[in-house]
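This report refers to the structure that appears directly beneath it.
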Amino acid sequence: MTDDIQEILLDEETISQRVSALGAEIDVHYEGEEILLITLLDGAIVFTADLIRNLRRPLRLDCIRVSSYGDSTSPESSPRILGNLRAEVEGRHVLLVDDILDTGNTLSRVQNEILSRNPASVHSCVLLDKPARRETPFKADWIGFSIPDHFVVGYGLDYAGRYRQLPHVALLKPEVYS
Ligand code: PRP
């Protein structure tokens, strides 16, 4: 697997320090509040696991799965929310957590769904942001790293379902995915 890696973009220590700082910033924002943290499966599980251990505010955790739309850009394949949240959203302070903000279609769709349920607030935190790829306007409230439009894997991010367990964020060799 490591033979497929071209370059490490963000190493473990760099990620760890940034996640810790994000936790501190989020704690300040939610002083006196309980967070309903909703993580977007599957990619965000690694980031979420580390982020919540850096949060000191009371929180409840829920998960949401959004249909993958693969390589297609056709409207009928826009993201759909699969299944139901367990938690009641009305009146809660919702924090959406995702591994990467790319076109913005996924988080925009999820945020609209949450807003329709009358939360007290909705904010979002992403580990990675690729602003150059945006199709739907969306600004995350907390961003770990803003990165160029490279294909990255690791720390939860996959290529064809693989590489999620890498402890760093890395660039794949082009011959792996071309
Ligand atoms: C990825 C990622 C985000 C979404 C971002 O999910 O985890 O949820 O794409 O892309 P967007 O901003 O262009 O909508 P993916 O559908 O690959 O599923 P995964 O989380 O299971 O990897």
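The values are calculated or read from the model by the stated rules, or taken from the named source; none is laboratory data. What you see is a predicted model; the values in this text were computed from it and never measured. Neighbour counts are summed over all protein chains in view; Cβ atoms, including those assigned to glycine, are modelled from backbone coordinates with ideal geometry. Areas reflect the complete protein model, heavy atoms only, side chains present, ligands, DNA and RNA absent. Shrake-Rupley method; radii C 1.70, N 1.55, O 1.52, S 1.80 Å.
Quick notes on this one:
- Each other residue within a Cβ distance under 13 Å of residue 16 adds +1 if Lys or Arg and -1 if Asp or Glu, for a net charge of -2.
- Euclidean distance between Cα centres, the range 105-152 to the range 1-51, Å: 14
- Charges were assigned to the Cβ only: +1 to each Lys and Arg, -1 to each Asp and Glu. The resulting dipole of the chain about its Cα centre is roughly 440 debye.
- Taking the DSSP beta bridges with both ends in the range 13-147, the antiparallel portion is around 10 percent.
- Heavy atoms of the protein chains alone define the surface here; on that basis the chain has 52 Å² accessible area per residue at 1.4 Å probe size.
- Set the Cα radius of gyration of the range 31-143 against 2.2 N^0.38 Å, with N its number of residues, and you get 1.03.
- With R₀ fixed at 22 Å, the C-beta to C-beta distance from residue 3 to residue 49 puts the FRET efficiency at about 0.25.
- Cβ-derived FRET efficiency at R0 30 Å, residue 16 paired with residue 132, nearest 0.05: 0.70
- Under the criterion of Cα pairs below 8 Å and six or more residues apart, the relative contact order for the chain equals 25 percent.
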